[in-house]
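Shown next, in structure tokens, is the structure this report addresses.
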Amino acid sequence: MITLSGLNPQQRQAAEIIDGPVLILAGAGSGKTRTITYRIAHMVYNLGISAKEILGVSFTNKAAKEMRERVSSLLGKSRMRGITLTTFHSLGVRILKEDIDKLGYHKNFSIYDTTDQMAIIRGELKKFKAEKSFDIKEIQSRISYLKNQGVGPEDYQRSKFFDEDDPYCIALEHIYREYEDKLKFYNAIDFDDILFLIVLLFRDYPEVADKWSERFKYIMIDEYQDTNHLQFELVMGLTRKHNNLCVVGDDDQSIYAFRGADISNILNFEKNFPGAKVVKLEENYRSTSPILELANEVISKNKDRRDKTLWSQKKSPDKPLLWLTQDTDHEAEIVVEQIVKHQSQGRHLGDIAILYRSNTQAQPLEEQLRLSQVPYTIIGGQKFYEKKEVKDLISYMTVLLNPKDQMAIRRILNVPNRGIGRATLEKFLAISQEENITLYEAMLTQPEIAGKSEKNIRAFTELVRKSQENFQNHPLNEAISMLIDDIDFYKFIEKQYDSAKQVERRKNDVMVFIESAERFIQFQKAHATLKNFVERLLLQDSQDNQDGDEDDDVRKNEVTLMTLHSSKGLEFDTVYLVGMEEESLPHKNVIKLGEDISEERRLCYVGITRAQQKLVMTFCKERKIYGKNLVRNKSRFLEDIDREDLFILQDRTNFGHLASEEEIEQYKKDKFAEMMNFLDD
């Protein structure tokens, strides 16, 4: 027998309801995976249900793998053989391999990746002769969105998504149809087709849906709040012959509307599946009570939600903390100084996460972590110093310091394009090898061997000489700006990208890089030389690029930076939730468009509930955005919090150094009323 005595009463109730529809409302950190695992083991071991009749579906391969491992540890490999624990898309491929021929495809179909998709779209755009140029990625993104909304090319013009005043819609009407025809001609589907075609299959051939519904008589869906229209239709098809559906989810953690997730799927569960039983898992095993009290206060203000209140047996005298900081750089200093203190106490950096609403908030934090030589990793975003334009500028500065660096020279030789072709480069490489000199020395002393490109070679070596002088005679940030002007870098960026949004983003990366040099000057004073700046960047990069096969303890010993969207499902001892300001959280686009901020509130809730022991939030009086310091207002979500549940501290300028615990306690007593008045302004 598999005993369920280790589950709490609500978990046990959820595990024992087997027949009919059931919704397990699993709050953050409430042990949902344990509950599902024991439910499956109970079905097979105690009730004798055939393993082949059980289907469990999750969103990621990682979640499916974890589920298989946990079930296996309870049942053993022999008893769990036949249970299907998979992802939506893996299940979809399995169904299509059996039945896609009914839709006119052969069963040995190919699945095209993004590169293949872009190639087809690029070809169709060339045929669609238009005065306006179109961003291929935008076209691909719109096709993906339409498929996830269940809209095919034949229905597009009549759908609510078509706007005859939008040039992209006009182009898409032609390209979408041709794109689908080309895929079918190649007997290929794209990733979005996996679910889109199954919905068509179940709709046009109900006997196929019946077959799969009879095969899987007990179905469980994880993270049900994240399901979209197609996934809902798939679930409806799979339950045509029975109502044995168990879904697990939390409407308060529904944060993927931009991917098509439809929160109404979980809110309307009883309506869609009459007679459904609902079990709430509200005991949290992750966070301390003060953190949960804060989370409950924030999320309770959402009107369209399931009523539940998280609680924990983990009591703590430590309340969440709100730091009021002067500006963006000051915010980064405060956070990183606290992290350095954590590190100096011999504690793991892997215990710490810095969460933010947008990736654009990461750079100042990255910069401060680098300056303090604190190792970090970024999840769900590219490290700032790994971005192409930033690496180009670093390569330029590397060459100025060390013209012998052949790889750096080769990277920047045609950035921007100087018309120095491969044949010309090969000539200089040959001379370099024959005369045992560097590539740069060959270019400097024998430019005439380049023939027609001689003037371009001379211009390049002259640029290096001039820039070396500029970095000797001007502050670091000014010299970088002069280099950017000399190579007309912004114009080069404009030519590289089709989308105005991409151009703006890349230019902003360059401006932020200049700002990082300004911060380096402030931090290093007289030691803010080109050599020290580049060495600091390259030293950090060498740490970042270590092989990925080190042991877990080494991997864990770095701070994690990520967006709130990427943090869902994770947990950390200490969480820094930065940017608790209007236009950051909630995001400015939501405010500007006058949209419902419910999902932004859920994002805040997700961020708070990632913290196990310590939660620190920050609010800047000014934030640097695209090079400008803008006055900020506190997030409306702070208004939802009872002041007694939150310690509020002003920035460290009150002390002139990182405050000790004793100073903080005294400060709380002396300045608490003053801070209350500030927040009320």
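The values are calculated or read from the model by the stated rules, or taken from the named source; none is laboratory data. Values in this document were obtained by computation on a predicted structure and should not be read as measured data. Glycine also receives a Cβ, built like all others from the backbone with ideal geometry; neighbour counts cover every protein chain displayed. Areas reflect the complete protein model, heavy atoms only, side chains present, ligands, DNA and RNA absent. Shrake-Rupley method; radii C 1.70, N 1.55, O 1.52, S 1.80 Å.
Some notes on this structure:
- Yes/no for MET562 being in a strand (DSSP E or B), open to solvent by less than 10 Å² (accessible area, probe 1.4 Å), at pLDDT 90 or above and touching a Gly at 6+ places or on another chain (Cβ under 7 Å): yes
- Residue that is surrounded by the fewest Cβ atoms within 10 Å (Cβ to Cβ), among those in segment 1-33 that are within 17 Å of ILE219 (Cα to Cα) and among the charged types (D, E, K, R): ASP19
- Single residue of GLU331, GLU337, GLU389 found to be farther than 18 Å from ARG610 by Cα and in contact with a Lys or Arg (Cβ under 6 Å, 6 or more places away or on another chain): GLU389
- Test: residue in segment 391-398 that is under 26 Å from PHE647 (Cα atoms) and out of contact with any His (no Cβ under 8 Å at 6 or more places or on another chain): no
- Near pairs, Cβ below 6 angstrom, 6+ apart or cross-chain, from segment 599-627 (without any contact (Cβ under 8 Å) to a residue 24 or more places away in the chain and more than 13 Å from ALA28 (Cβ to Cβ)) to any residue that is in a helix (DSSP H, G or I) and of a type in the set (D, E, K, R): none
- In segment 386-433, residue most open to solvent (accessible area, probe 1.4 Å) [restricted to those that are within 22 Å of GLN446 (Cβ to Cβ) and of a type in the set (S, T, N, Q)]: GLN433
- Checked against (1) within 23 Å of HIS342 (Cβ to Cβ); (2) of a type outside the set (Phe, Trp, Tyr); (3) open to solvent by 20 Å² or more (accessible area, probe 1.4 Å), GLY594 passes all but condition (1).
- Residues being crowded, with 22+ Cβ neighbours inside 10 Å and more than 19 Å from ASN272 (Cβ to Cβ) - total across segment 213-231: 0
- PRO586 falls short on exactly one of the conditions (1) crowded, with 22+ Cβ neighbours inside 10 Å; (2) touching a Ser or Thr at 6+ places or on another chain (Cβ under 8 Å); (3) closer than 20 Å to PHE647 by Cα, and that condition is (3).
- Evaluated against (1) within 28 Å of TYR179 (Cβ to Cβ); (2) free of Cβ contacts under 8 Å to residues at least 24 places away in the same chain; (3) surrounded by 12 or more Cβ atoms within 10 Å (Cβ to Cβ), ARG68 falls short on exactly one condition, (1).
- Taken over segment 400-414, the criterion of being more than 13 Å from ILE457 (Cα to Cα) and either hydroxyl-bearing (Ser, Thr, Tyr) or at pLDDT 90 or above (or both) is satisfied by LEU400 alone.
Conditions tested, residue by residue: (1) within 25 Å of GLU233 (Cβ to Cβ); (2) open to solvent by less than 30 Å² (accessible area, probe 1.4 Å); (3) at pLDDT 90 or above.
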{"position": "ALA119", "(1), (2), (3)": "no, no, no"}
{"position": "ARG122", "(1), (2), (3)": "no, no, no"}
{"position": "ALA130", "(1), (2), (3)": "no, no, no"}
{"position": "SER133", "(1), (2), (3)": "no, no, no"}
{"position": "LYS137", "(1), (2), (3)": "no, no, no"}
{"position": "GLN140", "(1), (2), (3)": "yes, no, yes"}
{"position": "LYS147", "(1), (2), (3)": "yes, yes, yes"}
{"position": "TYR156", "(1), (2), (3)": "yes, yes, yes"}
{"position": "ASP166", "(1), (2), (3)": "no, no, no"}
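- Among the candidates ALA353, ALA362, residue that is of a type outside the set (D, E, K, R), part of a helix (DSSP H, G or I) and touching a strand residue (DSSP E or B) at 6+ places or on another chain (Cβ under 7 Å): ALA362
- Considered as a group, the residues in segment 116-146 that are touching a residue at least 60 places away in the same chain (Cβ under 8 Å) and touching a strand residue (DSSP E or B) at 6+ places or on another chain (Cβ under 9 Å) include one that is nearest to TYR179 (Cα to Cα), and that residue is ILE120.
- Scanning segment 34-48 for residues that are open to solvent by 20 Å² or more (accessible area, probe 1.4 Å) and in contact (Cβ under 8 Å) with a residue 40 or more places away in the chain returns HIS42, TYR45, ASN46.
- The residues of segment 438-488 that are charged (D, E, K, R), out of contact with any Leu (no Cβ under 8 Å at 6 or more places or on another chain) and closer than 23 Å to ASN532 by Cβ, listed by number, are ARG465, LYS466, GLU469, GLU478.
- Scanning segment 254-310 for residues being open to solvent by 20 Å² or more (accessible area, probe 1.4 Å), in a helix (DSSP H, G or I) and under 30 Å from THR239 (Cβ atoms) gives a total of 8.
- Scanning segment 597-637 for residues that are of a type outside the set (D, E, K, R), touching a helix residue (DSSP H, G or I) at 6+ places or on another chain (Cβ under 6 Å), part of a loop (DSSP other than H, G, I, E, B) and buried (at least 22 other Cβ atoms within 10 Å of the Cβ) yields a single hit, THR609.
- Checked across segment 72-84, the condition of being in a strand (DSSP E or B) and either of a type in the set (Val, Ile, Thr) or open to solvent by less than 70 Å² (accessible area, probe 1.4 Å) (or both) holds for at least one residue.
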